[in-house]
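What follows is a single structure, written as structure tokens, with notes after it.
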Amino acid sequence: MRFAAFLVSVLIAAAAWGQTYPSKPVRMLVGSAPGGILEVAARSIGNKLHEKWGQPFLVEFRLGAAGSIAGEALAKSPPDGYTLLVGESGIWGVSPHLVTKSPYDPRTDFTAVSQVGVLPVFLVIPTGVPASNVVEFIEYARQRQGKLAYASGGVGSIHQLTAELFKSMTKLDILHVPYKGGGPAATAVLSGEVQMAFVSYAGALVGLSNGKLRMLGISTAKRAPNFPDVPTVSEMGVPGFDIATTLGVIAPAGTPPEIVARLHAEIMAAVAAPDVVQRLSDAGLVVAPASSEHFGGVIRSEYEKFGELVKLSGARRAD
């Protein structure tokens with residue numbers, strides 16, 4: 001009887017805690033450089049949560065090691081709802097496979113809060129390459145096996161993994177040239193240093209606006225609603241090609257369900273706000289909110305999916 005009474009008191013206290021959350025500032029960790037889509041998402045969502053609850057949601061950059069520094073910081077934080085991470089698949093799908101021993105296991109060390117959207121990448125080439133679509137580029141590359149190069153934002157980046165999947169499915173031999181970030185990779189294509197890359201929409205903008213880049217296709221299986229005129233790589237000669245990163249909000253494992261539920265409800269409301277949808281869409285995100293349960297499944301499946309792509313690419317990072 002005493003144990004039952006104790007259990008009831010704990011549950012009542014937890015429910016009350018969830019109802020009063022948040023009672024102090026909340027940290028929102030971001031593992032990529034300022035100015036990128038993750039910062040845009042964190043500040044857009046954080047501002048809405050601040051308006052709702054009156055507490056600051058403070059963006060805190062934890063850069064390095066392809067996002068794993070931010071992931072480790074989250075995993076080691078108290079599971080009280082006051083440390084969140086706005087991240088993408090690189091943190092839970094890629095980084096753990098790039099080292100012999102990862103400092104965290106995304107399947108057990110994280111709690112999924114809310115999926116926000118999907119971030120595709122785009123196949124771009126310099127306008128000096130004589131190809132107007134994916135089919136023509138594949139033929140151009142096939143006639144020059146081993147003589148072309150592609151840029152990426154670094155070893156293990158989504159740019160590299162997407163390009164390696166493209167190479168595998170088209171049986172092309174194209175040299176990988178890693179750069180320090182997606183911006184420099186896009187610049188390398190724009191200048192003609194390399195002949196192709198898969199880059200973010202933001203990374204392609206300058207080259208598209210000045211006419212030095214040609215966008216051939218989007219990496220997702222279906223056309224994106226915010227880029228309806230961009231054909232998919234799949235429909236343009238590589239059937240079944242489908243790869244993108246998922247963007248979402250996660251918390252440390254063990255975060256009380258009441259707090260996760262409160263956060264999820266308000267994040268969904270924030271992501272539905274027209275100004276936030278516009279801001280995220282303009283930054284290249286396909287807004288696709290989903291439940292905590294669905295997002296948790298995505299994290300687990302992407303851990304496996306991207307693990308296989310890391311093996312395919314041969315990407316490794318020093319422990």
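The values are calculated or read from the model by the stated rules, or taken from the named source; none is laboratory data. These numbers were taken from a predicted model, which means no experiment stands behind them. Don't worry about glycine lacking a Cβ; one is built from the backbone with ideal geometry, like all the others, and counts go over all protein chains shown.
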message: Show the residue pairs meeting these rules: Cβ distance below 7 Å; 6+ apart or different chains; first residue within the range 269-281 and closer than 16 Å to residue 52 by Cα; second residue part of a helix (DSSP H, G or I) and basic (Lys, Arg).
response: 270/48; 273/48; 276/48
query: What residue, among those in the range 291-300 that are in contact with a helix residue (DSSP H, G or I) (Cβ under 8 Å, 6 or more places away or on another chain) and surrounded by fewer than 20 Cβ atoms within 10 Å (Cβ to Cβ), is farthest from residue 248 (Cα to Cα)?
result: 300
- prompt: Can you name the condition, by its number, that residue 30 falls short on among (1) modelled with pLDDT of 95 or more; (2) of a type in the set (A, V, I, L, M, F, W, C); (3) not assigned by TED's automatic domain parsing to the domain that holds residue 255?
  reply: (3)
message: Exactly one condition in (1) among the hydrophobic types (A, V, I, L, M, F, W, C); (2) within 20 Å of residue 37 (Cα to Cα); (3) surrounded by 13 or more Cβ atoms within 10 Å (Cβ to Cβ) is false for residue 272; which is it?
response: (3)
field: Counted residues, the range 218-249 - those being free of Cβ contacts under 8 Å to residues at least 40 places away in the same chain, touching a Ser or Thr at 6+ places or on another chain (Cβ under 9 Å) and surrounded by fewer than 19 Cβ atoms within 10 Å (Cβ to Cβ)
entry: 4
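For the range 21-32, state whether one or more residues are part of a helix (DSSP H, G or I) and in contact with a Leu (Cβ under 8 Å, 6 or more places away or on another chain). I'd like the intermediate steps shown before the answer.
Here is the first cut: in the range 21-32, the residues part of a helix (DSSP H, G or I) are none.
No - not one qualifying residue is present in the range 21-32.
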